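Engineer: The structure under discussion is supplied below as structure tokens; questions concerning it will follow.
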Amino acid sequence: MPGILIVENDPAFQKLLQDYLASSYNISFFHSVKDLGRVTLQNEFDLGIIDLDACESGGVEVFKILSGYLNDTPIIVTSDKDDPDWIVSLVKAGAFDFIAKPYSGEKIRLAIRRALEKSSLEAELDYLRRQQDVVYDLSKIIACSPSMKSVMNLVEKFSRTDSNILITGETGTGKSYLAGAMHFNSPRKQKPFVKISCANIPETLLESELFGHERGAFTDAVKTRKGRIQQARGGTVFLDEIGEMSQSLQSRFLQFVEEKTFERLGGNRTIHSDVRIIVATNQDLSRMVKKGEFRQDLYFRLNVLAIHLPGLRHRQECIEPLARCLLERICRTSRKNVKDIARDAIDLMKRYSWPGNIRELANVIERAVILESGSTIKGNSVHLDLELSVIPEHDDSGENSKNLYQSEYNNITRALEKNLWVQKKAARDLGISPRALNYKIKKFGITHWSWRKHKN
């Protein structure tokens with residue numbers, strides 16, 4: 001039930017509000033503004049009803065203080081005072097509505113309903129502005145290989161639960177999309193799906209992104225900000241690259257996972273947020289636990305339900321239908337009239353090991369569409385860097401594999417040296433995404449002094 005904070009010291013109106021609202025809302029009464037300062041709020045309130053007559057110096061300035069305390073929560077103001085100019089000043093200061101005393105229970109209940117509907121609509125509009133142009137229809141996910149059919153069987157089962165989920169798989173296999181598919185096919189689908197990547201974000205900034213911060217918490221914190229976990233209340237939080245989270249932040253995140261409560265940076269109020277947690281990583285978390293790089297207790301809390309997405313090279317049956325699906329989507333957005341993919345192009349794709357997986361396949365199709373002058377993508381329009389093709393770890397480690405491994409290492413280091421060790425530029429030269437390059441750098445153990453300097 002929505003939570004309502006009420007500042008009211010008149011026993012008659014307290015009883016009226018109790019009688020009309022208690023069955024539909026969680027209501028918390030306070031006799032004065034001073035009482036608010038002595039209470040640690042266990043939940044964020046969805047609405048405030050403030051009787052300015054209960055304030056020692058009732059007026060616009062007191063309302064501003066209260067609205068700052070409640071952040072973006074809509075506030076209904078009540079008072080014996082019925083001065084039009086004063087009411088206008090309150091509305092300009094941010095009051096959602098003003099109700100003059102005495103009022104009826106039905107009138108206050110109608111005002112509350114309007115306020116909550118407006119607040120919900122604003123949250124939905126904010127979410128829709130950020131929503132990607134993706135339709136999460138399980139029946140449209142391409143799963144032609146036995147391994148992907150097994151994955152989709154788990155996805156359908158896990159979508160109906162509320163347990164934490166750990167998705168593993170190489171970069172570009174579609175972990176983020178799969179997380180979205182599970183949310184939008186779950187009982188929480190009407191609530192927000194909030195995504196955040198833990199990679200390449202400084203610890204303090206990531207902490208603020210997750211939990212929010214109070215005004216003045218750090219130099220640039222000019223106003224209070226809700227974190228992504230609070231924005232997702234009632235929905236799902238998806239944390240990508242969870243293996244990149246620092247150990248100190250892992251401790252704090254573990255507390256939220258266990259208790260569903262947190263405090264903003266610079267704050268001391270305990271906030272509750274009911275969300276489902278889905279995390280993903282391209283790293284081996286169990287190995288990181290053994291090396292002391294990832295908390296064992298957090299790993300066990302997150303790894304309640306596990307899904308491993310196989311690399312594209314392990315789902316050969318999916319390559320052609322995926323390529324054709326991507327072709328249709330890319331042509332629609334680029335307004336190109338390429339309708340088909342020739343057999344020689346498909347054969348080339350099936351012989352490639354796809355180190356960047358589906359993301360790399362999309363890039364290859366997009367480039368082919370741009371280069372192709374006819375209506376069919378032919379083999380000579382498909383550009384694949386066979387030297388950078390990843391050799392599967394279970395393949396025979398013969399001389400040929402070693403040579404290809406060394407060749408890939410040499411290509412990456414040459415591209416980095418050419419671009420003064422700027423990874424983004426090197427990735428562009430190599431024709432892969434920065435995340436795919438970052439994966440390869442970790443795989444080969446490539447380091448450079450400038451990266452360490454930058455981290456410090």
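The values are calculated or read from the model by the stated rules, or taken from the named source; none is laboratory data. Just so it is clear, the model here is predicted, and its values are computed rather than measured. Quick reminder, even Gly has a Cβ in these numbers, built from the backbone with ideal geometry, and neighbours come from all protein chains shown.
Engineer: Does Glu258 qualify as being out of contact with any Cys (no Cβ under 7 Å at 6 or more places or on another chain) and over 21 Å from Arg215 (Cβ atoms)?
Structural biologist: yes
Engineer: Residue under question is Asn268, and the condition is that it be under 21 Å from Gly216 (Cβ atoms), assigned by TED's automatic domain parsing to the domain that holds Asn200 and among the polar types (S, T, N, Q); does it hold?
Structural biologist: In short, yes.
Engineer: In addition: Inside segment 157-184, can you point out the residues that are in a strand (DSSP E or B) and among the polar types (S, T, N, Q)?
Structural biologist: Thr168
Engineer: Sticking with this structure for a sec: Write out, first by first residue and then by second, each pair whose Cβ atoms fall under 6 Å of each other, whose residues are 6+ apart or on separate chains, and whose first residue, in segment 9-34, is free of Cβ contacts under 8 Å to residues at least 60 places away in the same chain while the second is assigned to a helix (DSSP H, G or I) and among the aliphatic types (A, V, I, L, M).
Structural biologist: Asn9/Ala54; Ile27/Leu21; Phe30/Leu36; Ser32/Ala54
Engineer: Take Phe238 and decide whether it is under 25 Å from the mean Cα position of the chain (by Cα) and buried (at least 21 other Cβ atoms within 10 Å of the Cβ).
Structural biologist: yes
Engineer: Could you tell me whether segment 213-226 includes any residue that is within 12 Å of the chain's Cα centre (by Cα) and β-branched (Val, Ile, Thr)?
Structural biologist: no
Engineer: Right, something else. For segment 356-384: of the residues being among the small types (Gly, Ala, Ser) and either loosely packed, with under 15 Cβ neighbours inside 10 Å or within 15 Å of Arg332 (Cβ to Cβ) (or both), which is modelled with the highest pLDDT?
Structural biologist: Ala362
Engineer: If you scan segment 335-380, which residues turn out to be closer than 23 Å to Gly174 by Cβ, among the charged types (D, E, K, R) and in contact (Cβ under 8 Å) with a residue 12 or more places away in the chain?
Structural biologist: Lys350, Arg359, Glu360, Glu366, Arg367
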